[in-house]
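Some notes on the structure that comes next.
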Amino acid sequence: MKKTMAVSIFLTLAALSAAAQSNPLKSFDLMKTLAGNWEGKSNMGDVKVSYRLTAGGSALMSEIQGDVAGKSEDMISMIHLDGGRLLLTHYCEAGNQPRMQATASPDGKTVTFDFIDATNLTNSQPGHMQRVIFTFVDETHHIEEWHFAAPGKEMVEKFDLQRKA
């Protein structure tokens with residue numbers, strides 16, 4: 001009886017561990033479906049985002065193209081697996097490169113990246129991207145929320161994007 005219970009507990013824990021390990025891979029597979037060109041609106045106006053797989057499919061590159069007050073704001077993000085986690089490195093207009101780690105919602109329709117560390121983040125220029133939330137509405141529509149943290153405030157830029165034909 002004790003042996004059967006121990007085996008049952010072991011198998012349950014092994015299944016939970018396998019499910020936990022597969023979530024980053026499932027999230028990366030979902031993110032890869034963004035490959036292509038997207039257009040839409042943001043809080044500041046029109047925005048274009050392109051995604052493409054690179055490095056033999058091991059990384060997804062995002063390029064955001066937009067204008068803020070007549071000034072071009074182009075930024076790159078790289079999304080890739082790192083062992084048992086999914087990471088996003090954002091090459092920001094602010095001159096720093098925050099790294100964020102993904103978690104997926106239970107329904108699998110939202111992938112949230114939260115800040116873990118950054119390069120070129122200084123005390124004199126502490127503003128940085130803190131969080132990015134990708135919500136998958138359907139295969140031709142997704143929403144991105146970019147959360148920028150600055151001392152004493154947070155700014156959120158929301159992109160409502162449609163796949164470009």
The condition from (1) more than 17 Å from the chain's Cα centre (by Cα); (2) within 17 Å of Ser27 (Cα to Cα) that Ala102 misses is numbered (1)
In segment 76-91, anything in contact (Cβ under 8 Å) with a residue 12 or more places away in the chain and more than 14 Å from the chain's Cα centre (by Cα) is listed as Gly84
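Let's see how each residue does on (1) modelled with pLDDT under 95; (2) open to solvent by 60 Å² or more (accessible area, probe 1.4 Å); (3) on the phi > 0 side of the Ramachandran plot:
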position	(1), (2), (3)
Lys2	yes, yes, no
Gly45	yes, no, yes
Arg52	no, yes, no
Ser62	no, no, no
By residue number, the members of segment 67-91 that are surrounded by 13 or more Cβ atoms within 10 Å (Cβ to Cβ), out of contact with any Gly (no Cβ under 9 Å at 6 or more places or on another chain) and not basic (Lys, Arg) are Ile76, Ser77, Met78, Ile79, His80, Leu81, Leu86, Leu87, Leu88, Thr89, His90, Tyr91
**Asked** Is it fair to say Asn120 is over 11 Å from the mean Cα position of the chain (by Cα), open to solvent by 60 Å² or more (accessible area, probe 1.4 Å), at pLDDT below 95 and closer than 23 Å to Gln65 by Cβ?
**Response** yes
Ile143: passes all of (1) modelled with pLDDT of 95 or more; (2) open to solvent by 50 Å² or more (accessible area, probe 1.4 Å) but (2)
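Given the residues Val156, Val111, Val137, which is the only one that is aliphatic (A, V, I, L, M) and open to solvent by 70 Å² or more (accessible area, probe 1.4 Å)?
Values: Val156 fails: open to solvent by 70 Å² or more (accessible area, probe 1.4 Å); Val111 fails: open to solvent by 70 Å² or more (accessible area, probe 1.4 Å).
Matching residue, one of Val156, Val111, Val137: Val137.
The values are calculated or read from the model by the stated rules, or taken from the named source; none is laboratory data. All figures in this text were calculated on a predicted structure; none of them were measured in a lab. Here Cβ is always computed from backbone atoms with ideal geometry, including for glycine, and neighbour counts include all displayed protein chains. Heavy atoms of the whole protein, side chains included, go into the accessibility calculation; ligands, DNA and RNA do not. Shrake-Rupley method; radii C 1.70, N 1.55, O 1.52, S 1.80 Å.
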